[in-house]
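K.L.:
One structure, pasted below without further comment.
No value in this document is a laboratory result; all are computed from the given coordinates. On a predicted model such as this, the values are computed, not experimentally measured, just so you know. In this analysis, Cβ positions are derived from the backbone assuming ideal geometry, glycine residues included, and neighbour counts consider all displayed protein chains.
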Amino acid sequence: MENNNKTNVTEFVPQFTSAFYHPRYWGIWCGIGLIVGATYIPPRLRDPFLGALGRLAGKLAKGARHRARVNLHYCMPELSESAREKIIDEMFATVPQSTVLMAELACRNPERLLSRVRWHGQELIEQATQQQRNIIFLVPHGWAVDVPAMLMSAQGNKVAGMFHNQRNELVDYMWNRVRRRFGGRLHARNDGVKPFVSSVRQGWWGYYLPDQDHGPEHSEFVDFFATYKATLPAIGRLMKICRAAVIPLFPVYDSKTGQLDIYVRPPMDDIAAADDAYIARRMNEEVENLVRPNPEQYTWILKLLKTRKPGDPDPYRR
């Protein structure tokens, strides 16, 4: 972490250490090299291979596949088992494709990717900017979740986001270095929410991921697809404190065309004077609206439904 003396805001700056040369990291370095090499292969050639590789990995990753099956069973019970399995297969195919997409933005000229980006609703961002409103983007956990923030930074916009550190220190270093390539600002969740709030109030566009399970304390049990979820209604307080427009956003990578679609929905102005239960439900509703048309883009491997009401069983227990 570093303190920006000009703005007095604590931000996370990844630091390289000589420990990363240790043999235990050599496998990761090889993986990084392969990912970088893949960015020099045209998407029409690399995506079919990456998709097949992802589907194979999804067959072997039994724990992650189990969590995805549980989540889809609870969230989309109207679908047949075979339809849910197809979503899971396509989700795993999306993982390496989106990873290389992010690496392409990190390693190559950003203009290469900007030419393959289609914005849907970008005028909503422009309207909020013209109204001189601060902005917080509400962004569900998609596999290409970091790419829109990097693209906006590459276009000269100031974007600040909160994040969790990765367990592997080299992976954490590389991932966050990539995120900051175009000047984005990172705030570690371990530092609390105040640095993020300070950035948004200074005019940085906030990047907020709403759908992790933070436990029962301060959460509301509200509908989430066909089930319910412990949802932290923090976006309501952030909206008031930051005096910001909350704009839902979701990236969708089309491996058939190599293009990235970024969907933007209208500001959630209706939550300004609402109670926590309403705010939490509206957050989940926006996640549903963005995810349902392209469910394979969502990170169904997370323990989204970990916190249950008293007496309800743990859905992930085998």
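K.L.:
I need every pair where a residue in region 16-32 that is at negative phi and surrounded by 10 or more Cβ atoms within 10 Å (Cβ to Cβ) has its Cβ under 9 Å from the Cβ of a residue that is among the polar types (S, T, N, Q) and part of a loop (DSSP other than H, G, I, E, B), sequence separation at least 6 or different chains.
P.N.:
Note: pairs meeting the criteria are Y25/N168; I28/N168.
K.L.:
Here's another thing I want to ask about it. Working carefully through the options A83, A64, find the one that is closer than 30 Å to G37 by Cβ and not acidic (D, E). Write out each step before concluding.
P.N.:
Numbers: A83 fails: closer than 30 Å to G37 by Cβ.
Checking each option against the conditions leaves just A64.
K.L.:
Right, another one. Hand me the list of helices (runs of 4 or more DSSP H) wholly inside region 13-105 holding 2 or more residues that are out of contact with any helix residue (DSSP H, G or I) (no Cβ under 9 Å at 6 or more places or on another chain), within 30 Å of F225 (Cβ to Cβ) and basic (K, R). Give the steps one after another, and end with the answer.
P.N.:
Numbers: elements: 26-38, 43-60, 62-75.
Answer list for region 13-105: 62-75.
K.L.:
In region 180-234, what count of residues is obtained for those that are in a strand (DSSP E or B) and either without any contact (Cβ under 8 Å) to a residue 12 or more places away in the chain or hydrophobic (A, V, I, L, M, F, W, C) (or both)? Quick ask: steps written out before the conclusion?
P.N.:
Quick first cut of region 180-234, residues in a strand (DSSP E or B) only: 185-188, 205-208, 220-224, 227-231.
With either without any contact (Cβ under 8 Å) to a residue 12 or more places away in the chain or hydrophobic (A, V, I, L, M, F, W, C) (or both) added as a condition, the list becomes 186, 188, 205, 221-222, 224, 230.
Within region 180-234, residues that are in a strand (DSSP E or B) and either without any contact (Cβ under 8 Å) to a residue 12 or more places away in the chain or hydrophobic (A, V, I, L, M, F, W, C) (or both) number 7.
K.L.:
Looking at R112, R118, R133 in this structure, which one is of a type outside the set (D, E), closer than 20 Å to A234 by Cα and surrounded by fewer than 20 Cβ atoms within 10 Å (Cβ to Cβ)? Even if it seems obvious, please write down each step before you answer.
P.N.:
Numbers: R112 fails: closer than 20 Å to A234 by Cα; R118 fails: closer than 20 Å to A234 by Cα.
None of the other options fit; the residue is R133.
K.L.:
Regarding D314, is this residue farther than 20 Å from K86 by Cβ, assigned to a loop (DSSP other than H, G, I, E, B) and among the acidic types (D, E)? Before you say what the answer is, go through the steps one by one.
P.N.:
Working: farther than 20 Å from K86 by Cβ: yes; assigned to a loop (DSSP other than H, G, I, E, B): yes; among the acidic types (D, E): yes.
Yes.
K.L.:
Just to verify a result, which residue in region 151-169, among those that are surrounded by 19 or more Cβ atoms within 10 Å (Cβ to Cβ) and more than 12 Å from the chain's Cα centre (by Cα), is nearest to S255 (Cα to Cα)? Spell out the reasoning first.
P.N.:
Start the filter on region 151-169 by keeping residues that are surrounded by 19 or more Cβ atoms within 10 Å (Cβ to Cβ), which leaves 151-154, 159-162.
From what's left, more than 12 Å from the chain's Cα centre (by Cα): 151-154, 159-160.
Numbers: L151: 18, M152: 21, S153: 24, A154: 23, V159: 26, A160: 28 Å.
Among residues in region 151-169 that are surrounded by 19 or more Cβ atoms within 10 Å (Cβ to Cβ) and more than 12 Å from the chain's Cα centre (by Cα), the one nearest to S255 (Cα to Cα) is L151.
K.L.:
Which residues, taken from region 257-275, are assigned to a helix (DSSP H, G or I) and crowded, with 18+ Cβ neighbours inside 10 Å?
P.N.:
At the first step, the residues of region 257-275 found to be assigned to a helix (DSSP H, G or I) are 269-271.
Result: I271, single match.
K.L.:
Please verify whether region 94-105 includes one or more residues that are in contact (Cβ under 8 Å) with a residue 60 or more places away in the chain, loosely packed, with under 11 Cβ neighbours inside 10 Å, of a type outside the set (A, V, I, L, M) and within 24 Å of G183 (Cβ to Cβ).
P.N.:
Narrowing region 94-105 to residues in contact (Cβ under 8 Å) with a residue 60 or more places away in the chain: 94, 97-105.
Pick out the ones that are also loosely packed, with under 11 Cβ neighbours inside 10 Å and you get none.
Scanning region 94-105 turns up no residue that is in contact (Cβ under 8 Å) with a residue 60 or more places away in the chain, loosely packed, with under 11 Cβ neighbours inside 10 Å, of a type outside the set (A, V, I, L, M) and within 24 Å of G183 (Cβ to Cβ).
K.L.:
If a residue has to be within 24 Å of L238 (Cβ to Cβ), in contact (Cβ under 8 Å) with a residue 40 or more places away in the chain, among the charged types (D, E, K, R) and not in a loop (DSSP other than H, G, I, E, B) to count, how many in region 136-179 make the cut?
P.N.:
1
K.L.:
Of the residues in region 245-299, how many are among the hydroxyl-bearing types (S, T, Y), over 19 Å from the mean Cα position of the chain (by Cα) and over 23 Å from F221 (Cβ atoms)? Reasoning before the result, please.
P.N.:
As a first pass, look at region 245-299 and keep what is among the hydroxyl-bearing types (S, T, Y): 253, 255, 257, 263, 278, 298-299.
Among the residues that remain, those that are also over 19 Å from the mean Cα position of the chain (by Cα) are: 257, 278.
Pick out the ones that are also over 23 Å from F221 (Cβ atoms) and you get 257.
So the count comes out to 1.
K.L.:
Could you say whether any residue in region 80-92 is more than 23 Å from Y316 (Cα to Cα), in contact (Cβ under 8 Å) with a residue 12 or more places away in the chain and either crowded, with 22+ Cβ neighbours inside 10 Å or touching a strand residue (DSSP E or B) at 6+ places or on another chain (Cβ under 6 Å) (or both)? I'd like the intermediate steps shown before the answer.
P.N.:
Our first condition is that a residue be more than 23 Å from Y316 (Cα to Cα); within region 80-92, this holds for none.
No, region 80-92 contains no residue that is more than 23 Å from Y316 (Cα to Cα), in contact (Cβ under 8 Å) with a residue 12 or more places away in the chain and either crowded, with 22+ Cβ neighbours inside 10 Å or touching a strand residue (DSSP E or B) at 6+ places or on another chain (Cβ under 6 Å) (or both).
K.L.:
So which pairs qualify, if the first residue must be in region 295-306 and among the β-branched types (V, I, T), the second must be surrounded by 20 or more Cβ atoms within 10 Å (Cβ to Cβ) and assigned to a loop (DSSP other than H, G, I, E, B), the Cβ gap must be under 7 Å, and the two must be at least 6 apart or on different chains?
P.N.:
Once the first residue is among the β-branched types (V, I, T) and sits in region 295-306, its partners that are surrounded by 20 or more Cβ atoms within 10 Å (Cβ to Cβ) and assigned to a loop (DSSP other than H, G, I, E, B) give T299/W143.
K.L.:
Given the criteria crowded, with 22+ Cβ neighbours inside 10 Å and within 26 Å of I87 (Cα to Cα), does V287 qualify?
P.N.:
yes
K.L.:
Of the residues A144, A93, which is of a type in the set (G, A, S) and touching a Lys or Arg at 6+ places or on another chain (Cβ under 8 Å)?
P.N.:
Working: A144 fails: touching a Lys or Arg at 6+ places or on another chain (Cβ under 8 Å).
Step by step, each of A144, A93 is checked, and only A93 is of a type in the set (G, A, S) and touching a Lys or Arg at 6+ places or on another chain (Cβ under 8 Å).
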